[in-house]
1. Looking at Leu86, is it touching a strand residue (DSSP E or B) at 6+ places or on another chain (Cβ under 7 Å) and either assigned to a strand (DSSP E or B) or over 23 Å from Gly14 (Cβ atoms) (or both)?
2. Tell me which of these Val70 doesn't satisfy, since it passes every other one: (1) crowded, with 19+ Cβ neighbours inside 10 Å; (2) of a type outside the set (Lys, Arg); (3) not in a loop (DSSP other than H, G, I, E, B).
3. Please identify the pairs in which a residue from segment 106-121 that is at positive phi and at pLDDT below 75 has its Cβ atom under 9 Å from the Cβ atom of a residue that is of a type in the set (S, T, N, Q) and surrounded by fewer than 19 Cβ atoms within 10 Å (Cβ to Cβ), counting only partners at least 6 apart or on another chain.
4. In segment 83-111, which residue that is more than 16 Å from the chain's Cα centre (by Cα) and either acidic (Asp, Glu) or surrounded by fewer than 16 Cβ atoms within 10 Å (Cβ to Cβ) (or both) is nearest to Thr153 (Cα to Cα)?
5. Of all residues being of a type in the set (D, E, K, R) and either in contact (Cβ under 8 Å) with a residue 24 or more places away in the chain or surrounded by 21 or more Cβ atoms within 10 Å (Cβ to Cβ) (or both) in segment 122-156, which is nearest to Val177 (Cα to Cα)? Just the residue, please.
6. Which one of these does Leu171 not meet: (1) buried (at least 19 other Cβ atoms within 10 Å of the Cβ); (2) closer than 21 Å to Arg54 by Cβ?
7. If you scan segment 21-40, which residues turn out to be within 23 Å of Leu116 (Cβ to Cβ) and either of a type in the set (S, T, N, Q) or assigned to a loop (DSSP other than H, G, I, E, B) (or both)?
Amino acid sequence: MRNLNRKAGAPDAGGWQARLDPAMGGYRPWLAETGSLTARIQRACPREAPFAVRLLNQGHGRPCADEYPVLPLRAARLVQVREVLLQSGSRPVVFAHTVALERGRRLLERAGGRSLGGLLFSDPLVLAGPHHYRCLNARDRLYRHALPWCGDTAPRRLWARRALFQRGRGLLLVTEVFLPAILDLNQP
C-alpha cells in the first residue's frame with residue numbers, strides 16, 4: 001500500500017494529533033500499528049476466540065462534525081457510513097467507523113460483512129494517509145457509539161485513530177476506537 005500525500009505532522013480536524021501520546025499506556029502498541037490492524041488482531045486472538053467482524057450498520061448517514069474538514073464535503077451532506085465491531089470470539093475489541101465518498105462506497109459494498117482492512121491492505125491501488133490520534137470522551141459521538149461495546153466497564157475515555165484512504169476518486173475515512181478488551185489480547 002502506498003502512502004497518500006498529506007502533511008503527516010499537521011494536526012487533523014477536531015483535535016486529532018499526528019503523534020502518539022505517552023498517556024495511551026497499553027493501547028499504544030495497538031494504535032501505533034502501521035500495517036493491517038485486522039491482521040494483527042487475527043494473530044492475537046486465541047484459538048478458542050477467533051477473529052470475527054460484526055456489521056452494526058451500513059447506509060446513508062451524516063459524518064461526525066470533525067470529519068467534514070478532512071473530507072471535501074459541504075455541511076449536512078449525507079454519505080455512506082459503515083460501523084463494525086472487530087471481535088475476539090464474541091468479545092468486541094475495536095469499534096470501527098468508516099465514511100465513504102464517491103467510489104469509496106464500492107469498497108464498502110465489496111467488504112460486506114468482512115473486515116475493510118483486509119481489502120484496503122490487499123489492494124495495490126489504495127493510497128493510505130497518516131494516522132491521527134485522539135482521546136475520545138462523552139462529548140464525542142463516536143465515544144457514545146462505542147461505549148455499549150465496552151462490556152461491564154464504562155471508561156471515561158477511549159483512544160482512537162483515523163486515516164484517510166484513497167482509491168482513484170474514492171475516499172474513505174476510517175476511524176478505529178480501541179475498546180478495553182483489546183488489552184486482554186496477546187501482543188504478537
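1. Values: touching a strand residue (DSSP E or B) at 6+ places or on another chain (Cβ under 7 Å): yes; either assigned to a strand (DSSP E or B) or over 23 Å from Gly14 (Cβ atoms) (or both): yes.
Here the answer is yes, as Leu86 does meet what is asked.
2. It is condition (3) that Val70 fails.
3. none
4. Once the filter is applied, the top-ranked residue is Ser90.
5. Just the residues of segment 122-156 that are of a type in the set (D, E, K, R), to begin with: 123, 134, 139-141, 144, 152, 156.
Still in the list and also either in contact (Cβ under 8 Å) with a residue 24 or more places away in the chain or surrounded by 21 or more Cβ atoms within 10 Å (Cβ to Cβ) (or both): 123, 134, 140-141.
Values: Asp123: 23, Arg134: 9, Asp140: 12, Arg141: 12 Å.
For segment 122-156, the residue satisfying everything is Arg134.
6. (2)
7. Within segment 21-40, Ala32, Glu33, Thr34, Gly35, Ser36, Thr38 qualify.
Each row is one residue, and each column tells you yes or no for (1) assigned to a loop (DSSP other than H, G, I, E, B); (2) among the acidic types (Asp, Glu); (3) touching a Phe, Trp or Tyr at 6+ places or on another chain (Cβ under 7 Å).
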| position | (1), (2), (3) |
| --- | --- |
| Val94 | no, no, yes |
| Arg106 | no, no, no |
| Gly117 | no, no, no |
| Leu120 | no, no, yes |
| Pro130 | yes, no, no |
| Tyr133 | no, no, yes |
| Tyr143 | no, no, no |
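The values are calculated or read from the model by the stated rules, or taken from the named source; none is laboratory data. Nothing here was measured: the structure is a model prediction, and the numbers come from that model. In this analysis, Cβ positions are derived from the backbone assuming ideal geometry, glycine residues included, and neighbour counts consider all displayed protein chains.
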